[in-house]
């Protein structure tokens, strides 16, 4: 086998980023955006449950980080009450009933997006209105709130409304994400108006003046107000539903008012699987959890290790993950090869009573379909890209069909009431990252800070292993004896590895850990004070 070094010669080899875990006897929210995490923590401080906080974070992060997720997308969550079984709510992508597979003829080459599928004419499965699946996220949030919420629905949408009306503040992170996808954004007028004011990516003022640039989307703020007043059904049977369907059809897509009205989120007990002296909890069926659980099952036949992972143990972990991928590719239809990072976000919440939530939501690709509904301001997913464009395959494009997704919200419970809620963003890279973090906790006794900050190995495009250089020469050599290895550095952008986030409750103390290599991600405890600008932009009553 081989070891290939893809690290840029320009980059420092000594750069290291660290973040401390947050610990509290009160609630904690971990999210890929600090403001969104603060919104959730404030909901907890106001007496809300972990589900209330998760709903508020979902709306807020869809405004603050709209290229990753939002109400035009899909998602899945797990909820664990303090003394009850884990419940799952799956609001994953389903294709419109009127989708015609004949509209996606294959042409020469491979696409340049997430999965490296064979090319489809005009990239119709990736970009544009034909790539849009039914946005199910709000139905999932509504189902969770109806069962586990304590605060009024409108109170949970209110922070996102204020953020949307003010416009999120632009910083270098914002500019970077928008600039890298300008070509997609320019193809849709409403998308360009939102993200490319004046035809260019927005940027923060070059001088320290106190002035800020903002991303304005008044139509989205109006839609959020209607959703606050009329509940989640506003997106599925109200004025928003009619406008959304009309806008997608006008752009050449299939989505109808009937598709929206007929969508249901699936509520079910979590699928459980033992691992060592812990229990895994995952969303059943078409997501990444089943593959992570299989990899752990394959690994569990080995004796439980001790200390830090040895080179042989890292190789064994990669072999288990490779076998799990083989099953996924052959039985579930998630083939081809991954290329670019996906457009996903994850957040985990634990409240002072011990209720935990693990929620992942997504538009799939970065900026989803690249289509914004002009009447509603909603950026729509490109869920059709989850389907294999090759006719006759297990996961082939078809009408009214559930998509096989890679998001992997999971929980793991252990002795003496230990519970972890974990997930990440990054398409197929999520699966090996969650797998590795759970191994670090269950096998090696790591705390969350150690588990998430540890050197990574990514096996999401088997047989290739993308290896963090910090693994060390002995481990890298052992991997290279069995796999083609690509050597990479942990970087802020692009990230060769998943952005993880988790919360944990152990011995009555809550802990939250955010991805160190992400500028925005943070773990915020209930009652943590806001900075003046956070009070100004969040507008959350204390």
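Scanning the range 138-161 for residues that are out of contact with any helix residue (DSSP H, G or I) (no Cβ under 7 Å at 6 or more places or on another chain) and touching a residue at least 60 places away in the same chain (Cβ under 8 Å), which turns out surrounded by the most Cβ atoms within 10 Å (Cβ to Cβ)?
The initial filter retains those residues of the range 138-161 that are out of contact with any helix residue (DSSP H, G or I) (no Cβ under 7 Å at 6 or more places or on another chain), namely 140, 143, 146-147, 152, 155.
Adding the requirement that they be touching a residue at least 60 places away in the same chain (Cβ under 8 Å) leaves 140, 143, 147, 155.
Details: 140: 28, 143: 20, 147: 13, 155: 18.
The selected residue is 140.
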Practice prompt. May I ask you to say which residue of 512, 414 is surrounded by fewer than 24 Cβ atoms within 10 Å (Cβ to Cβ) and in contact with a strand residue (DSSP E or B) (Cβ under 9 Å, 6 or more places away or on another chain)?
Written response: 414
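Need at least 1 residues that are within 22 Å of the chain's Cα centre (by Cα) and at pLDDT 95 or above per element, so show me which strands (runs of 3 or more DSSP E) inside the range 1-47 make the cut, counting only ones lying wholly within it.
Details: elements: 3-5, 22-24, 28-31.
The strands (runs of 3 or more DSSP E) meeting that bar are 22-24, 28-31.
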Item to complete: Please verify whether the range 292-301 includes one or more residues that are within 20 Å of residue 75 (Cα to Cα), buried (at least 22 other Cβ atoms within 10 Å of the Cβ) and in contact with a helix residue (DSSP H, G or I) (Cβ under 8 Å, 6 or more places away or on another chain).
Response: yes
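Does residue 242 count as farther than 29 Å from residue 184 by Cα and touching a residue at least 12 places away in the same chain (Cβ under 8 Å)?
Considered against the rule, which asks whether it is farther than 29 Å from residue 184 by Cα and touching a residue at least 12 places away in the same chain (Cβ under 8 Å), residue 242 comes out as no.
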Fill in: the range 378-399, residues that are surrounded by fewer than 24 Cβ atoms within 10 Å (Cβ to Cβ) and either touching a helix residue (DSSP H, G or I) at 6+ places or on another chain (Cβ under 8 Å) or closer than 29 Å to residue 65 by Cα (or both)
388, 391, 394, 395, 396, 398, 399
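State which residue is surrounded by the fewest Cβ atoms within 10 Å (Cβ to Cβ) when the search covers only the range 251-261 and only residues that are in contact (Cβ under 8 Å) with a residue 40 or more places away in the chain and over 10 Å from residue 97 (Cα atoms).
Initially, the range 251-261 is screened for residues in contact (Cβ under 8 Å) with a residue 40 or more places away in the chain, giving 251-256, 258-260.
Checking the rest, the ones that are also over 10 Å from residue 97 (Cα atoms) come to 251-253, 260.
Values: 251: 21, 252: 13, 253: 24, 260: 24.
Among those that are in contact (Cβ under 8 Å) with a residue 40 or more places away in the chain and over 10 Å from residue 97 (Cα atoms), it is 252.
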Worksheet item: So which pairs qualify, if the first residue must be in the range 317-335 and within 17 Å of residue 395 (Cβ to Cβ), the second must be assigned to a loop (DSSP other than H, G, I, E, B) and at pLDDT 90 or above, the Cβ gap must be under 6 Å, and the two must be at least 6 apart or on different chains?
Response: 325/462
Item to complete: Would you mind stating whether residue 289 is modelled with pLDDT under 95 and surrounded by 18 or more Cβ atoms within 10 Å (Cβ to Cβ)?
Response: yes
Worksheet entry | Yes/no for residue 54 being under 19 Å from residue 224 (Cα atoms), out of contact with any strand residue (DSSP E or B) (no Cβ under 7 Å at 6 or more places or on another chain) and surrounded by 17 or more Cβ atoms within 10 Å (Cβ to Cβ) | no
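Kindly establish whether residue 98 is over 30 Å from residue 421 (Cβ atoms), out of contact with any helix residue (DSSP H, G or I) (no Cβ under 6 Å at 6 or more places or on another chain) and in contact (Cβ under 8 Å) with a residue 40 or more places away in the chain. Walk me through how you get there before you give the answer.
Numbers: over 30 Å from residue 421 (Cβ atoms): yes; out of contact with any helix residue (DSSP H, G or I) (no Cβ under 6 Å at 6 or more places or on another chain): yes; in contact (Cβ under 8 Å) with a residue 40 or more places away in the chain: yes.
Considered against the rule, which asks whether it is over 30 Å from residue 421 (Cβ atoms), out of contact with any helix residue (DSSP H, G or I) (no Cβ under 6 Å at 6 or more places or on another chain) and in contact (Cβ under 8 Å) with a residue 40 or more places away in the chain, residue 98 comes out as yes.
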Discussion item. Residues that are closer than 21 Å to residue 419 by Cβ and either out of contact with any helix residue (DSSP H, G or I) (no Cβ under 6 Å at 6 or more places or on another chain) or without any contact (Cβ under 8 Å) to a residue 40 or more places away in the chain (or both): list the strands (runs of 3 or more DSSP E) wholly contained in the range 431-532 that include at least 1 such residues.
Written reply: 499-506, 509-514, 522-525
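Based on what the data block shows, is residue 193 under 19 Å from residue 67 (Cβ atoms), surrounded by fewer than 21 Cβ atoms within 10 Å (Cβ to Cβ) and at pLDDT 95 or above?
Working: under 19 Å from residue 67 (Cβ atoms): yes; surrounded by fewer than 21 Cβ atoms within 10 Å (Cβ to Cβ): yes; at pLDDT 95 or above: yes.
Here the answer is yes, as residue 193 does meet what is asked.
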Fill in: Among the residues listed as 179, 166, the single one being surrounded by fewer than 21 Cβ atoms within 10 Å (Cβ to Cβ), more than 13 Å from residue 64 (Cα to Cα) and either in contact (Cβ under 8 Å) with a residue 12 or more places away in the chain or touching a helix residue (DSSP H, G or I) at 6+ places or on another chain (Cβ under 9 Å) (or both)
179
Worksheet item: What number of residues within the range 101-118 are farther than 20 Å from residue 186 by Cα and free of Cβ contacts under 8 Å to residues at least 40 places away in the same chain?
Response: 6
Item to complete: Only one of these is surrounded by fewer than 18 Cβ atoms within 10 Å (Cβ to Cβ), within 19 Å of the chain's Cα centre (by Cα) and closer than 23 Å to residue 18 by Cα: 500, 492. Name it.
Response: 492
Worksheet item: Within the set of pairs 6+ apart or on separate chains, which have a first residue in the range 64-75 that is at negative phi, a second that is surrounded by fewer than 24 Cβ atoms within 10 Å (Cβ to Cβ), and C-beta atoms under 6 Å apart?
Response: 64/168; 67/177; 67/366
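Working only within the range 205-218, note down all residues that are crowded, with 16+ Cβ neighbours inside 10 Å and in contact with a helix residue (DSSP H, G or I) (Cβ under 8 Å, 6 or more places away or on another chain). It would help to see each step written out before you state the result.
In the first step, residues of the range 205-218 are kept if they are crowded, with 16+ Cβ neighbours inside 10 Å; the result is 212-213, 215-217.
Scanning the range 205-218 gives 215, 216, 217.
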Discussion item. Here is a check on your reading of the model: is residue 126 in contact with a helix residue (DSSP H, G or I) (Cβ under 6 Å, 6 or more places away or on another chain) and not in a loop (DSSP other than H, G, I, E, B)?
Written reply: no
Worksheet item: Quick one: is residue 284 in contact (Cβ under 8 Å) with a residue 24 or more places away in the chain, touching a helix residue (DSSP H, G or I) at 6+ places or on another chain (Cβ under 7 Å) and surrounded by fewer than 21 Cβ atoms within 10 Å (Cβ to Cβ)?
Response: no
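The values are calculated or read from the model by the stated rules, or taken from the named source; none is laboratory data. Please read all numbers here as calculations on a predicted model, not as lab measurements. Note: ideal-geometry Cβ built from the backbone for every residue, glycine included; neighbour counts use all protein chains shown.
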